[in-house]
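Following: one structure in structure tokens, then a few remarks.
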Amino acid sequence: MPDPKISIRDLYIRYSDGRVVLDGLDFDILRNQITVAFGPAGGGKSSLVRVLNRLIDLADVAEMRGQVLMDGRDLLAPDVNVIELRRKMGVVFSRPIPLPLTVYGNLSFGLEVAGMRDKKVMDERVEKALRQAVLWDEVKDRLNDPAASLSGGQQQRLCIARVLVLEPEVILLDEPTSALDPVTTAKIEEFLDKAKEEYTIFLVPHNQQQASRMADFAGFFLQGKLVEYGTGAQIFLNPKDPQTLDYVMGRFG
Ligand SMILES: Nc1ncnc2c1ncn2[C@@H]1O[C@H](COP(=O)(O)OP(=O)(O)O)[C@@H](O)[C@H]1O
Ligand SMILES: [Mg+2]
């Protein structure tokens, strides 16, 4: 059994409008595995992504309790360096939002902010990230073109590369392929399959087929609760909870 990278302990969050969005969440995100959070809209999956990299700090939260431990340290502690945390745990959203820079500039920007000055090292890091994101072959002759000139699918992979270039430990992806064509979706899934050798991955899939294709481990989220958690094979082929079974069988959703 792989060891936990992130341990979520009794996490409870209530927004200021009174809505309890996560209620007693308790599970581990295992190192070098793909953990999938799936379930109907409104279950709290995106809120959990926002907790993990502390984007939740920007939301109107009335009450938050519990712990999120990464390598044993509580990410919710007030003295956590949030900038450093977000470098270690990059996030990819469903709509790509490249910076208004060139293809190269979208990747070099974060490295420059981090203090990198060596152009040769930077070129190497940019190429490596673009290769990992299965984009290099399509953009190697277009590095100085505006990122906005890329297709939507290419922009999404650019956003993935922008996370990778910072050499994160964890990658969060919230429905990263929901706006994409099947060819790009396949490329991103190919990337995820390889990437878990190097990173810990937490994925909110855009449908259940993707969930069952990608999940080493999976959690079924319903109205703020984790109904069931297990290996991908167990959850999708042999769910124990009747609500998971109904959802996996397509009886609601
Ligand atoms: N900032 C917020 N303030 C109040 N309610 C919110 C906020 N963000 C999300 N919600 C509500 O919390 C519930 C869970 O949302 P979300 O985390 O986006 O779930 P999911 O990603 O599973 O669809 C939804 O009912 C949503 O309307
Ligand atoms: Mg969501």
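Coordinate-derived values only; no laboratory data. Just so we're clear, the structure is a prediction, and the values are computed from it rather than from any experiment. Positions of Cβ are generated from backbone atoms using ideal geometry, with glycine treated the same way; all protein chains shown enter the neighbour counts.
Worth pointing out:
- Amide H partners (placed H, <5 Å) of Leu76, local residues excluded: Val68
- Each distinct pair of alpha carbons in the chain adds a 1/r term; the inverse of their mean, the Kirkwood radius, is 18.8 Å.
- Relative contact order of the chain: 27 percent, from C-alpha pairs under 8 Å at least 6 residues apart in sequence.
- The distance linking region 12-84 with region 130-188 is 25 Å (Cα centroid to Cα centroid, whole angstrom).
- Of the GluC sites (Glu not before Pro) in region 130-237, the ones in a loop by DSSP (not H, G, I, E or B) with at most 15 other beta carbons within 10 Å are Glu197, Glu198.
- From phi via Karplus (6.51, -1.76, 1.60), per-residue ³J(HN,Hα) for region 131-139 in Hz, x at Gly/Pro: 5, 4, 7, 6, 10, 3, 4, 7, 10
- Antiparallel DSSP beta bridges within the chain, percent to nearest 5: 60
- A straight chain from Val113 to Met249 at 0.36 nm per residue would run longer than the Cα-Cα distance by 44.2 nm.
- In region 140-253, the convex hull through the Cα atoms has an average projected area of 8.4 nm², a quarter of its surface area.
- With a threshold of 20 Å on the Cα-Cα distance, the over-threshold entries among Lys45/Lys128; Lys5/Lys194; Lys194/Lys240; Lys88/Lys194; Lys88/Lys196 are Lys45/Lys128; Lys194/Lys240.
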